[in-house]
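> Please read through the structure below; I'll follow up with questions.
The values are calculated or read from the model by the stated rules, or taken from the named source; none is laboratory data. Just so you know, these numbers come straight off a predicted model, no measurement behind them. With ideal geometry, Cβ positions are generated from the backbone for all residues, glycine too; neighbour counts draw on all protein chains shown. Quick note on the areas: whole protein, heavy atoms, side chains included, nothing else; ligands and nucleic acids left out. Shrake-Rupley method; radii C 1.70, N 1.55, O 1.52, S 1.80 Å.
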Amino acid sequence: VVALLRDGPLLGVRVVVTAGPTREPIDPVRFITNRSSGKMGYALAAALAQMGAEVTLVSGPTALATPPGVNRIDVETAAQMLDATRAEAAGAQILIGAAAVADYRLHTPSAHKIKKKTDTLELSLVKNPDILCELRRAYPDLFIVGFAAETERLAEHARDKLARKQLDLIAANWVGEGRAFERDDNALHVFWNGGERELTQKPKADLARELAMLIAERFRSRTG
Ligand code: CTP
Ligand code: CA
């Protein structure tokens, strides 16, 4: 049972969360995507709403139910996710990028189904815009939280992304070899300028509550 919230550490704070994978079309029946289930982003949206925040979830395709009290906008491509996130973030104080955004899209998706005429097939890809970088540029005062999914040198890559994307906080996790993606539990190493905290392995719902508390704490300490 979800209590009606007239209270909570994020009461009235507007938060936008991106979640899930994106889909980049190859032709009308095929696309490029990744292994993100969306579970971490959805769990985070649920936890933030329970803390009194007004949460909008900008979601790629997932098999998940919308958490209670959360406003959800469905998108498919990275470009659509960028547009929706930019529009929703206009009145928000916090943005959390939990989506696994495709780094590349087809240069020119085929208008018709590609036929198997040749033995090899080359697809030409171009880089997608980085949603967090674009949003930082559009909204310099937004409190932005990123994720970093890494298979090696976790702390180094996470700190690099924190600086490069001008994030306020980054939550890093190991991926690959059956870790994180498509699983119900996870662990996170969180970094910000001047601090870090390790959140140990636990179900994603519990981990999301811990991360949401830490985000509220850092947001308050910045905002005063
Ligand atoms: N991200 C984004 N837009 C993109 C790519 C990533 O907003 N086009 C966000 C993700 O939601 C995540 C953070 O940036 O919060 C880091 O994503 P990640 O894939 O780990 O980093 P990249 O910058 O894409 O670098 P790389 O994949 O090369 O490690
Ligand atoms: Ca990436």
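> Helix 204-223 sits at what angle to the longest principal axis of the chain, using alpha carbons and giving 0 to 90 degrees rounded to 10?
60 degrees
> Ignoring ligands, DNA and RNA, please state the percent of accessible area on the chain from carbon and sulfur, probe 1.4 Å.
Details: 5980 of 11890 Å².
Result for the chain: 50 percent of the exposed heavy-atom area is carbon or sulfur.
> Let me ask you something else. For the range 45-131, what is the convex hull volume of its Cα atoms per residue in Å³?
Values: hull volume 11.0 nm³, N = 87.
Considering the Cα atoms of the range 45-131, their hull volume per residue is 126 Å³.
> How many angstrom lie between the Cα centre of the range 27-62 and the Cα centre of the range 105-139?
21 Å
> Suppose we keep just the DSSP beta bridges with both residues in the chain; what percent of those would be antiparallel, to 5?
Details: 17 of 42 bridges.
About 40 percent, rounded to the nearest 5.
> Picking from E210, E177, E196, which is most flexible by a Gaussian network model of the chain using Cα springs under 10 Å?
Result for the chain, Cα springs under 10 Å: E177 fluctuates most.
> If R₀ is 41 angstrom, what is the calculated FRET efficiency for the pair R137 and T66, using the beta carbon separation as r and rounding to 0.05? Show your work: numbers first, answer last.
Details: r = 29 Å, r/R0 = 0.72.
The formula returns an efficiency of 0.90 here.
> According to the square roots a ≥ b ≥ c of the eigenvalues of the Cα gyration tensor, what is the shape class of the range 1-79, taking rounded for a/c under 1.5, prolate for a/b larger than b/c otherwise, and oblate for the remainder?
On the way: a/c = 3.30, a/b = 2.69, b/c = 1.23.
Because a/c hits 1.5 or more and a/b exceeds b/c, the range 1-79 counts as prolate.
> Just to confirm a number: summing +1 for Lys and Arg and -1 for Asp and Glu over residues other than I94 whose beta-carbon lies under 14 angstrom from that of I94, what do you get? List each step's numbers first, then the result.
Values: positive: R14, R136, R218, R220, R222; negative: E54, E88, D141, D168, E217.
After counting each charged neighbour, the total is 0.
> To continue, here is another question. P(r) of the chain in 10 Å steps, Cα pairs, percent per bin?
For the chain, the pair-distance distribution reads 8, 33, 36, 16, 5, 1, 0.
> How large is the accessible surface per residue of the range 46-135, computed with a 1.4 Å probe and reported in Å² as a whole number? The partial results should precede the final answer.
Working: 4900 Å² over 90 residues.
Averaged over the residues of the range 46-135, the accessible area is 54 Å².
> Compute the length gained on full extension between D74 and Q166: take 0.36 nm times their separation in residues and subtract their Cα-Cα distance, giving the result in nm to one decimal. All intermediate terms of the calculation are to be shown ahead of the outcome.
Details: separation 92, 0.36 × 92 = 33.12 nm, distance 2.65 nm.
Stretched out fully, the D74 to Q166 stretch lengthens by 30.5 nm.
> Between 0 and 90 degrees, rounded to the nearest ten: what's the tilt of helix 78-89 against the longest Cα principal axis of the chain?
Computed tilt is about 30 degrees.
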